[in-house]
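Enquirer: Have a look at this one.
The values are calculated or read from the model by the stated rules, or taken from the named source; none is laboratory data. Predicted, not measured: the structure shown is a model, and the values here were computed from it. For neighbour counting, all protein chains shown are included, and Cβ atoms are generated from backbone atoms with ideal geometry for every residue, glycine included. Areas reflect the complete protein model, heavy atoms only, side chains present, ligands, DNA and RNA absent. Shrake-Rupley method; radii C 1.70, N 1.55, O 1.52, S 1.80 Å.
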Amino acid sequence: MDHSRTPLFTALKEHAAKNPVQFHIPGHKKGLGTDAEFREFIGDNAFSIDLINIAPLDDLHQPTGVIEEAQKLAADAFGADHTYFSVQGTSGAIMTMIMSVCSPGDKIIVPRNVHKSVLSAIIFTGAKPVFVSPAQDHNVGIDHGITISSVRKALKRHPDVKAVLVINPTYFGVSADLKEIVDLAHSYNVPVLVDEAHGVLIHFHEELPMSAMEAGADMAATSVHKLGGSMTQSSVLNVNTKNGYINPYRVQTIISMLTTTSTSYILLASLDTSRRSLALHGREMAAKTIELAQYARDEVNKIEGLYSFGEEILGGEATYSFDPTKLTIHVRHLGITGYETENWLRDHYNIEVELSDMYNILCLITPGDNQETIDILLTALRELSDVYMHVNEINELIVKTPEIPQLSLIPRDAFYGDTEVVPFKESAGRIIAEFIYVYPPGIPILLPGEVISQENIDYIIDHVDVGLPVKGPEDRSIQNVKVIVETNPIF
């Protein structure tokens, strides 16, 4: 296919050039009806293509023209049979995957360290999650993916599951042997859904982990905006129909149900043009990014008190391959937390990182980086070491992730059940009716339907006390929590 073409973006520019008289939404009408300062900042070109699904521009909900052409080009670029554009982010694409294969009461195997969108979809569908614990890295204090042996155990115990969901790669860039997991699941006639939010570049370079489509997975939700150059909130859902598990017409129906009818053509155009860049120059873009990331990692590891893992962590079931563009920096030996490091970098060098946790910060190296941005980061980290090395006591690394709680109610039943609010510190033994998670990366500690343990309470309070962003409950202070009402027996 001719990947130099951008059918949607080209149609938008041609339509704008005609300068039509608009009697349709959006009401700003090429920017004339918007705030003057905002218009000047954004620019008239952006307003000129902020359009809607009029006939010349196709309709994302039932594409038959330029959007359909753009999606076919994307499918070819990503090695998929069908690709669907998402303006609801990868969250919308993930929810579409699950809702396309699960019905009320169906089981789905999912890692415990999934994104909250997976749990949202489980609530929407009324599905029952079968959780698998991720492998833990006790050297740096992070979770990796799920192991093949744990998936095998789950499939043997629950052969009636409707799908297996896998994260490839994880937020920190680590992958299990996805091909082996796919083959295992397919041997049970179970489709594999892949959260590929952090894996857009892996499609375009052989030194990166294997992509979901290459591994033969059935669906994969991929964030083009995270690493591939498109605008925030724009992603793709790649579908492989060769295995016979996925009905593409149902996928289109579900993603349409979850998508606004006022779709952003600016976001869609950024997907169209980013696909062009990736298809034509993806390998070159990835190679440059890998080189910069490797340089950054090597230099970080020369700084006293800091450590950034690389391929030396490989060799386990959950650590089969690694994406080096995810620069995880372990700061524990400076006697500070990742959260304190994030704030220090912001205050002293105007640097914003992707995330921080108790022991680490994560910096994403992308095609948008260059030697200058990397050197600014390294300069800051060298000063960080000078400031904190040999000053504070080094805390022992303790991976205290609590056991997966007992699931007493299907999450949907708990979410919509009769509830009451109780003090969080006194909630042990109660069934929670809301989420509690650390974001980023949005991994659940408790979700609706699970029994709260004292271990959960202590773990969450520890995170709150050190300032880490615990979110989810309606009470943002985490002083109170919503639980299922307990009905007293009648004698």
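Enquirer: Shape call for the chain from the C-alpha gyration tensor, a ≥ b ≥ c root eigenvalues: rounded (a/c under 1.5), prolate (a/b greater than b/c) or oblate? Show your work: numbers first, answer last.
Expert: Values: a/c = 1.45, a/b = 1.17, b/c = 1.24.
Taking the square roots of the gyration eigenvalues as a ≥ b ≥ c, the chain is rounded.
Enquirer: Now a separate question. Take the alpha carbon gyration tensor of segment 289-388, find the square roots of its eigenvalues, order them as a ≥ b ≥ c, and report rounded if a/c is under 1.5; if not, report prolate when a/b exceeds b/c, else oblate.
Expert: On the way: a/c = 1.73, a/b = 1.26, b/c = 1.37.
Oblate is the answer for segment 289-388, as a/c is 1.5 or above yet b/c matches or exceeds a/b.
Enquirer: Let me ask something additional. Using a probe of 1.4 angstrom, how much of the accessible area of segment 289-388 is carbon and sulfur, in percent?
Expert: 45
Enquirer: Out of segment 269-309, which trypsin sites (Lys or Arg not before Pro) are coil in DSSP terms and have no more than 13 other C-beta atoms within 10 Å?
Expert: Lys302
Enquirer: A follow-up question, please. With every protein chain left in place, what is the accessible area per residue of segment 411-484 in square angstrom, probe 1.4 Å?
Expert: Numbers: 3310 Å² over 74 residues.
Result: 45 Å² of accessible area for each residue.
Enquirer: Can you tell me how much longer the chain between Asn189 and His138 gets when fully stretched, taken as 0.36 nm per residue apart minus their C-alpha distance, in nm with one decimal?
Expert: 14.9 nm
Enquirer: Go ahead and collect, in residue order, the members of segment 149-183 whose backbone nitrogen is under 17 Å from a label point 7 Å along the Cα-Cβ direction of Val130.
Expert: Of the residues in segment 149-183, 149-167, 181-183 have backbone N under 17 Å from the label point off Val130.
Enquirer: A follow-up question, please. Of the peptides 173-183, 93-103, 223-233, how do they stack up when ordered by the mean number of other Cβ atoms within 10 Å, highest first? Each step should come with its number before you reach the end.
Expert: Working: 173-183: 23.3, 93-103: 25.2, 223-233: 21.5.
Top of the packing list down: 93-103, 173-183, 223-233.
Enquirer: Which residues does the label zone of Val387 cover in segment 328-345, counting backbone N under 19 Å from a point 7 Å along Cα→Cβ?
Expert: 329-345
Enquirer: What number comes out for accessible area per residue over segment 21-156 if the probe is 1.4 Å? Units Å², please.
Expert: Values: 5550 Å² over 136 residues.
For segment 21-156, the per-residue accessible area is 41 Å².
Enquirer: Another question, then. Relative contact order of the chain, please, whole-number percent, based on alpha carbon pairs below 8 angstrom and at least 6 residues apart.
Expert: 14
Enquirer: Considering only DSSP states other than H, G, I, E and B, which trypsin sites (Lys or Arg not before Pro) in segment 374-440 qualify as loop sites with at most 14 other Cβ atoms within 10 Å?
Expert: Working: sites: Arg382, Lys400, Arg412, Lys425, Arg430; in loops: Lys400, Arg430.
Answer by residue number: Lys400.
Enquirer: If you don't mind, there's one more thing I want to ask. Which of the lysines could a cross-linker span from Lys288 if the Cα-Cα distance has to be under 24 Å and same-chain partners fewer than 8 positions apart are dropped?
Expert: Hits, sequence-local ones excluded: Lys226, Lys302, Lys326.
Enquirer: Just the number, please: carbon plus sulfur as a percent of the accessible area of segment 1-126, 1.4 Å probe, no ligands or DNA/RNA counted.
Expert: 54
Enquirer: Next question. How much length, in nm to one decimal, is gained on full extension between Ser149 and Val485, taken as 0.36 nm per residue of separation minus their Cα-Cα distance?
Expert: Full-extension gain reported as 117.1 nm.
Enquirer: Also, I was wondering about something else. For n ≥ 4 DSSP H runs only, could you compute -39500 (n - 2.57) per run for the chain, divide by its residues and tell me the 222 nm figure to the nearest 500?
Expert: That comes out to -11000 deg cm²/dmol.
Enquirer: Can you pull the one-decimal nm distance between simple spin-label points at Met257 and Asp298, each 7 Å off the Cα toward Cβ?
Expert: Between Met257 and Asp298, the label points sit 5.2 nm apart.
Enquirer: Calculate the spin-label point distance for Val21 paired with Ile461, positioning each point 7 Å from the Cα along the beta-carbon direction, and give it in nanometres.
Expert: 7.0
Enquirer: Can I ask one more? Using packing as a proxy for protection, rank 119-126, 365-372 so that the peptide with the highest average count of other Cβ atoms within 10 Å comes first.
Expert: Averaged packing, sorted descending, gives the order 119-126, 365-372.
Enquirer: Let me ask another. At most 11 other Cβ atoms within 10 Å and a DSSP loop assignment: could you name the chymotrypsin sites (Phe, Trp or Tyr not before Pro) in segment 1-98 that fit?
Expert: Phe23
Enquirer: R0 = 22 Å: FRET efficiency of Asn343 with Glu396, Cβ-based, nearest 0.05?
Expert: 0.45
Enquirer: By per-residue mean of other Cβ atoms within 10 Å, what is the highest-first order of 350-362, 186-198?
Expert: Top to bottom by mean Cβ count within 10 Å: 186-198, 350-362.
Enquirer: Checking the cross-link filter: which aspartates and glutamates have an alpha carbon closer than 20 Å to that of Lys153, excluding same-chain neighbours under 8 positions apart?
Expert: Cross-link targets: Asp106, Asp143, Asp177, Glu180, Asp183, Glu317, Glu403.
Enquirer: OK, next. Mind checking which lysines have their C-alpha under 26 Å from Lys425, skipping anything on the same chain fewer than 8 residues away?
Expert: Correct list for Lys425: Lys116, Lys400, Lys471, Lys482.
Enquirer: If you don't mind, there's one more thing I want to ask. For Leu378 and Val422 in the same chain, what is the full-extension length gain: residue separation times 0.36 nm, less their Cα-Cα distance, in nm?
Expert: 11.2 nm
Enquirer: Quick check: net charge around Ser277, other residues with Cβ under 12 Å of its Cβ, Lys/Arg +1 and Asp/Glu -1?
Expert: Value of the local net charge: +1.
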